[in-house]
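Inspection log for the structure reproduced underneath, given as structure tokens.
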Amino acid sequence: MAPPALPHRAKLTGCDAGGDVVVTPPCDDVPVTENRPTAIPTALPTELPAVRFAEAARSLGRAAHAVGLEVPAFRCPPKVPGAARTLRRYPGGTVVAVRLRGRAFEEALADMVEGVLVANRVPEPDATRLRPVLAAAAAGEAEPGAGAGHGPGAGHEAEIVVPALPPVAVAA
């Protein structure tokens, strides 16, 4: 005699044509197929927005550090609903949050760069000089002859070459 079906358990509904196990959750009437290697999304990990965001944050942080700026923490999305970018100051540092959904990734990169400049209270004349350098780093564009790039072995060891700039005057 088979045990009675429990209302909180998923029901095994069989196998599909590909041999995947199919179950139906108790709160849903749509079968769920077991995740198999053939069911993995075709997007490369570097094309996923969260991975691109993390790579941009690391590159931007290295470039900001190279020019003498404090590197804020980056997160997404902002805690404020509808905001494209927020900045929160804490005793231990600053957090820049940007929204990725519903906008071009380049807009999010620009907000990350602007967040670094605002977090460091960089005066506008210096910000104008630094913005293209930081933007190029965030976009993963190496300076000519830098030897930096993407691919195997180009992780956190990548070298950021920043043009010689006079020290940045940070407002207190």
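The values are calculated or read from the model by the stated rules, or taken from the named source; none is laboratory data. The structure displayed is predicted, hence computed values, not measured ones. Cβ sites come from the backbone with ideal geometry, for glycine too, and all protein chains shown count toward neighbours.
How many of the residues making up region 87-109 are without any contact (Cβ under 8 Å) to a residue 12 or more places away in the chain and either of a type in the set (Gly, Ala, Ser) or crowded, with 16+ Cβ neighbours inside 10 Å (or both)?
4
Going by the structure shown, is residue 51 surrounded by fewer than 18 Cβ atoms within 10 Å (Cβ to Cβ), at pLDDT below 95 and closer than 21 Å to residue 139 by Cβ? Working first, answer last.
Working: surrounded by fewer than 18 Cβ atoms within 10 Å (Cβ to Cβ): yes; at pLDDT below 95: yes; closer than 21 Å to residue 139 by Cβ: yes.
Yes: the conditions hold for residue 51.
Restricting to region 122-142, what's the tally of residues that are assigned to a helix (DSSP H, G or I), surrounded by fewer than 18 Cβ atoms within 10 Å (Cβ to Cβ) and of a type in the set (Asp, Glu)?
Final tally of qualifying residues: 1.
Within region 62-121, how many residues turn out to be in a strand (DSSP E or B), closer than 22 Å to residue 48 by Cα, of a type in the set (D, E, K, R) and out of contact with any helix residue (DSSP H, G or I) (no Cβ under 6 Å at 6 or more places or on another chain)?
Counting residues in region 62-121 that are in a strand (DSSP E or B), closer than 22 Å to residue 48 by Cα, of a type in the set (D, E, K, R) and out of contact with any helix residue (DSSP H, G or I) (no Cβ under 6 Å at 6 or more places or on another chain) gives 1.
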